[in-house]
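Below is one structure, written out as C-alpha cells; comments come after it.
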Amino acid sequence: EWAFERAYGEPLGQVVTPVRVHSWVGGDMDGNPLVTPEVFGDTLRAHRARGLRLLMQGLERLGGMLSQSDRHAKPSQELLASLERDAAQLPEAEQRLGPRTVGKPWRRKLRFMEERLHQALRHVLAQRTGDAGPMPESAYR
C-alpha cells in the first residue's frame, strides 16, 4: 500500500481479492485417504482448464466488439510491435488471422491472445490424460 501511495500520490483504497476458488474436490486433504497428491494435482489442472476457458470466452466476446479500423483510430507503436512479435511466434495463427483481421489491430491482438490461451488449454488437457509434452513457448503460462 505504501508503494502505491508513493507512486500515485493517493491511497490504494479497499483491497479486494480478485479471484477466489471454491472447491472441495481434491482439497479434502485432512486425512481423506482417497485424496492423494495426484488427485489434488488433477484438481488444480481442472481448475486451470476452467479458468482458461472463461478467459477465452471473454476474449471472444471482446473481440466481437473491438472492430475499430486502423483507418479511424491509430494504434500505438507498442501495439504494432506486439503484433509483429505475435506473428513471428505464432505463424499458424498469423496465416489464419491475416485476411480476417487486416486493418483491425485490436481485434487481431485479442485473437493472438486467444491462440496463446488455446495452446495453454490444450497442454493442460493433455496433462490430465497423461499425454503432455512440453508446453509451447508461445502459450500463456
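Annotations
- Considering residues of the stretch 26-57 that are small (G, A, S) and loosely packed, with under 14 Cβ neighbours inside 10 Å only, the residue nearest to the chain's Cα centre (by Cα): G41
- The listed residue being within 23 Å of V124 (Cβ to Cβ), among the small types (G, A, S) and part of a helix (DSSP H, G or I), out of G51, G98: G51
- If you filter the stretch 58-95 down to residues that are among the hydrophobic types (A, V, I, L, M, F, W, C) and part of a loop (DSSP other than H, G, I, E, B), you find that the one that is surrounded by the fewest Cβ atoms within 10 Å (Cβ to Cβ) is A73.
- Criterion (surrounded by 11 or more Cβ atoms within 10 Å (Cβ to Cβ), closer than 23 Å to S138 by Cβ, touching a residue at least 24 places away in the same chain (Cβ under 8 Å) and touching a Lys or Arg at 6+ places or on another chain (Cβ under 6 Å)) met by exactly one of R128, R111: R128
- A88 vs. criteria touching a residue at least 12 places away in the same chain (Cβ under 8 Å) and under 28 Å from H123 (Cα atoms): no
- Looking across the stretch 131-141 at every residue that is under 28 Å from Q68 (Cα atoms) and under 10 Å from the mean Cα position of the chain (by Cα), the one that is surrounded by the fewest Cβ atoms within 10 Å (Cβ to Cβ) is identified as Y140.
Only the coordinates and a few stated rules stand behind these numbers; no lab work does. Remember, predicted model here, so these are calculated numbers, not experimental data. Every residue, glycine as well, gets a Cβ built from its backbone with ideal geometry; the counts of neighbours run over all protein chains shown.
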